[in-house]
Each structure stands twice: as structure tokens, then as C-alpha cells.
1. Please go through region 1-14 and give me each residue that is buried (at least 17 other Cβ atoms within 10 Å of the Cβ) and under 14 Å from the mean Cα position of the chain (by Cα), ordered by number.
2. Take Gly130 and tell me if it is touching a residue at least 12 places away in the same chain (Cβ under 8 Å) and not in a helix (DSSP H, G or I).
3. Go through the residues of region 54-68 one by one and say whether even a single one is touching a strand residue (DSSP E or B) at 6+ places or on another chain (Cβ under 7 Å) and more than 20 Å from Met133 (Cα to Cα).
4. Condition (residue is surrounded by 16 or more Cβ atoms within 10 Å (Cβ to Cβ), within 15 Å of Ile5 (Cα to Cα), of a type outside the set (S, T, N, Q) and out of contact with any strand residue (DSSP E or B) (no Cβ under 6 Å at 6 or more places or on another chain)) applied to region 90-102: is it met by at least one residue?
5. Just the residues that are surrounded by fewer than 20 Cβ atoms within 10 Å (Cβ to Cβ) and over 11 Å from Ile2 (Cα atoms), please, taken from region 42-66.
6. Cβ contacts < 7 Å: first residue among the hydroxyl-bearing types (Ser, Thr, Tyr), restricted to region 83-111; second residue in a loop (DSSP other than H, G, I, E, B), any location; separation 6+ or different chain. Result?
7. Of everything in region 15-72, what is under 22 Å from Gly111 (Cβ atoms), out of contact with any helix residue (DSSP H, G or I) (no Cβ under 8 Å at 6 or more places or on another chain) and β-branched (Val, Ile, Thr)? Give them in sequence order.
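Readers should treat all values here as calculations from the given coordinates under stated rules, not as data from a laboratory. Predicted, not measured: the structure shown is a model, and the values here were computed from it. FYI the Cβ positions are ideal-geometry reconstructions off the backbone, even for glycines, and counts take in every protein chain you see.
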Amino acid sequence: MIKYIEKTPSAEEFNYLTDSVGWGTRKNSIINEALKNTLYSLCVFDNDKLIGYGRIIGDKTIFLYIQDIVVLPEYQNKHIGTNIMKNLLNKIDTYKKINPDIRTYLGASKGKEKFYEKFGFISRPNEDLGAGMILY
């Protein structure tokens, strides 16, 4: 059973996810600090197994950044990433009550730009990396 829960993963869980998609791992102390400074975290579980994650960082009033949309490879193409994005965008709507002009950014992994365009993000192309994108 797939569940979406507002929760921060452990550093070990986070590293397992990022390593599974080829992003590698970082020291647990670094991950713990990053996650501690996150505005909003959303974990996706299949029963008790963490299979996906997404988070929002920023200042809640002028700037937001969607970060670390990650889904285990065996669960990709099952709308889990789409549902993570929908949940994050719903949370961003609550921040827009403070400032309707808040800017939301993200950095797409190379080849994943089309996924984010479905949500209204536009590309700022880059030769070496995935595009920087912004939602107005």
C-alpha cells in the first residue's frame, strides 16, 4: 500500500534513495543538517519501505526551491513522482497566501525537464547540466 506522509527521512534512508538513482551518497552529518533546514518534507512508503521523497527549501515568502524529487527505479513510471510534485505544489500554494508573487525554482536532472514542464515550469537551457527552471 502506497502512502504519502509529511515526514523527514533518516540520513540512511535518504542516502539509499539518492544512491539508487545514481546521485551517490553524502556523510550522514551533512544529510542531517540539510534535512534539518528543510521547510517541508514528503516521504512515500510502500508499506514500511521508503520508495520516494521530495522536499521544499527556502524562506517561505520570496523564494522556494523544490529539491530531491527521487523515486526508487523499480517504482518509477507509476505516478509516484507526479504525486510528490502535486503534494509539494499544494504546500507551495499555502506559502502563496503570504506572498502571491513567491518564486519557485528547481534544478531538473538532465533529461527530466519534460516532467517538470507538465507542472508549468519553464526551462533555462544549459549545455552540461539539466535546465534551471522557474514557476511564475
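1. The answer is Thr8, Pro9, Phe14.
2. In short, yes.
3. no
4. Looking through region 90-102, none of the residues is surrounded by 16 or more Cβ atoms within 10 Å (Cβ to Cβ), within 15 Å of Ile5 (Cα to Cα), of a type outside the set (S, T, N, Q) and out of contact with any strand residue (DSSP E or B) (no Cβ under 6 Å at 6 or more places or on another chain).
5. Within region 42-66, Ile57, Asp59, Lys60, Thr61, Ile62, Phe63, Tyr65 qualify.
6. Between residues of region 83-111 that are among the hydroxyl-bearing types (Ser, Thr, Tyr) and residues that are in a loop (DSSP other than H, G, I, E, B), the close pairs are Tyr95/Lys60; Tyr95/Ile102; Ser109/Gly130.
7. Scanning region 15-72 gives a single hit, Thr18.
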